[in-house]
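The values are calculated or read from the model by the stated rules, or taken from the named source; none is laboratory data. Predicted, not measured: the structure shown is a model, and the values here were computed from it. Ideal geometry is used to build each Cβ from the backbone, glycine not excepted, and the neighbour counts take in all protein chains shown. Ligands, DNA and RNA are excluded from the accessible area calculation, which covers all protein heavy atoms including side chains. Shrake-Rupley method; radii C 1.70, N 1.55, O 1.52, S 1.80 Å.
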Amino acid sequence: MNINSLIATAQALVAPGKGLLAMDESTGTCNARFAALGIPETVEARRAYRELLVTTPGLGEGISGAILFDETIRQRTAVGVPFVEILQQAGIMPGIKVDVGAHELAGFPGEQVTEGLDDLRARLAEYAGLGARFAKWRAVLAIGTDRPSRACIEANAHALARYAALCQAAGLVPIVEPEVLLTGPHSLAQCAAVTEDVLHEVFAQLRTQGVALEGMLLKPSMVLAGNECPKQPTTSHVADATLASLLRTVPAAVPGVAFLSGGQSPEQATRHLAAMHERRGRLPWALTFSFGRALHQPALEAWGSQPANVAAAQQALLSRVASNRAAVGVGEAAAAHA
Ligand code: 13P
């Protein structure tokens with residue numbers, strides 16, 4: 001492990017005014033989003049959509065890294081240029097999702113553990129050879145009565161830590177993503193308590209597995225009330241609750257926190273990020289975005305699989321990038337957050 005190179009990569013990914021583009025939807029998830037808009041669920045449609053994203057002019061001004069999926073890291077533009085090369089030319093680091101998805105946790109009906117450790121060492125070496133500089137692994141934790149269980153929290157935290165250690169050994173910066181799901185009637189306070197339990201365990205396991213905190217990034221969910229909770233918090237409450245939970249659990253040695261959007265609307269995710277950034281004086285880590293849907297769902301809708309709509313779709317993506325750059329204090333005026 002070359003720790004200095006890991007640190008340099010991690011710091012570059014969270015450089016001021018930059019965030020990450022999560023475009024690593026698995027085939028199933030990508031197809032489901034296509035189906036909802038009547039877009040053909042084909043390899044070619046997925047390739048064309050990902051080409052649209054990576055070739056967006058000026059994307060590198062606000063995007064430091066793009067998280068790819070196994071299918072995508074091997075793909076090329078219509079004229080034969082590898083996506084990885086297009087990203088590198090734009091000053092965007094290619095990254096790769098390396099988990100193979102969340103599966104039922106034996107003995108705990110309704111709970112899931114993320115899998116993908118078995119052949120991970122070999123896959124990481126291959127992805128590094130393909131140009132990946134960092135990786136991502138997502139654990140999912142659902143809130144319910146007595147949920148998540150200790151078993152679920154510990155199994156997911158252990159897997160995240162084993163993944164992170166393997167990444168660093170392979171020279172890739174691990175993005176550690178424990179997502180507490182938005183789905184359900186839970187309150188903001190319940191989400192805060194679960195988020196703290198989860199992050200506390202994740203950092204305990206990272207320590208046990210010897211992961212260098214300086215050479216990793218955390219990709220957490222924001223602390224929110226569930227989408228079926230009748231009492232929705234204000235933007236300030238979300239920002240305060242999220243930062244309180246992170247300050248209690250995330251060591252200062254971690255260079256950056258890059259949030260997922262998790263099913264919030266693009267505007268809402270940006271507003272929450274902006275409110276947290278306004279409070280950044282208290283924070284030891286860089287704070288930015290690593291959004292999927294909140295960055296490129298508007299582009300997907302504008303595209304609708306029509307080649308004539310590519311420029312409009314790229315404009316939609318650039319507009320979300322600009323709003324999120326403004327949220328982290330660079331570029332547009334603060335009024336442009338939404
Ligand atoms: P969302 O921002 O759409 O939640 O996606 C981020 C991500 O990387 C999920 O794994």
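Here is a yes/no grid of residues against (1) over 19 Å from the mean Cα position of the chain (by Cα); (2) surrounded by 17 or more Cβ atoms within 10 Å (Cβ to Cβ); (3) within 16 Å of the ligand (Cβ to nearest atom); (4) closer than 26 Å to VAL180 by Cβ:
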| position | (1), (2), (3), (4) |
| --- | --- |
| ALA241 | yes, yes, no, yes |
| ARG271 | no, yes, yes, yes |
| PRO284 | yes, no, no, yes |
| LEU287 | no, yes, yes, yes |
| GLN297 | no, yes, yes, yes |
| PRO307 | yes, no, no, no |
- Message: Looking only at the range 243-268, count every residue that is surrounded by 17 or more Cβ atoms within 10 Å (Cβ to Cβ), away from the ligand (no atom under 16 Å from the Cβ) and not in a loop (DSSP other than H, G, I, E, B) and tell me the total.
- Response: 4
- Here are some residues: ALA36, ALA22. Which one is closer than 23 Å to GLY263 by Cβ, surrounded by 14 or more Cβ atoms within 10 Å (Cβ to Cβ) and within 16 Å of the ligand (Cβ to nearest atom)? ALA22
- Have a look at ALA125, ALA132, ALA159, ALA142 and point out the one that is within 16 Å of the ligand (Cβ to nearest atom) and open to solvent by 40 Å² or more (accessible area, probe 1.4 Å). ALA142
- Item | From the options GLY95, GLY62, GLY107, GLY101, residue that is under 23 Å from GLN297 (Cβ atoms) and surrounded by fewer than 17 Cβ atoms within 10 Å (Cβ to Cβ) | GLY101
- Within the range 309-320, residues free of Cβ contacts under 8 Å to residues at least 60 places away in the same chain and within 16 Å of the ligand (Cβ to nearest atom) come out as ALA316, ARG320
- Message: Looking only at residues that are open to solvent by 50 Å² or more (accessible area, probe 1.4 Å) and in a helix (DSSP H, G or I) in the range 1-19, which one is farthest from the ligand (Cβ to nearest atom)?
- Response: ASN4
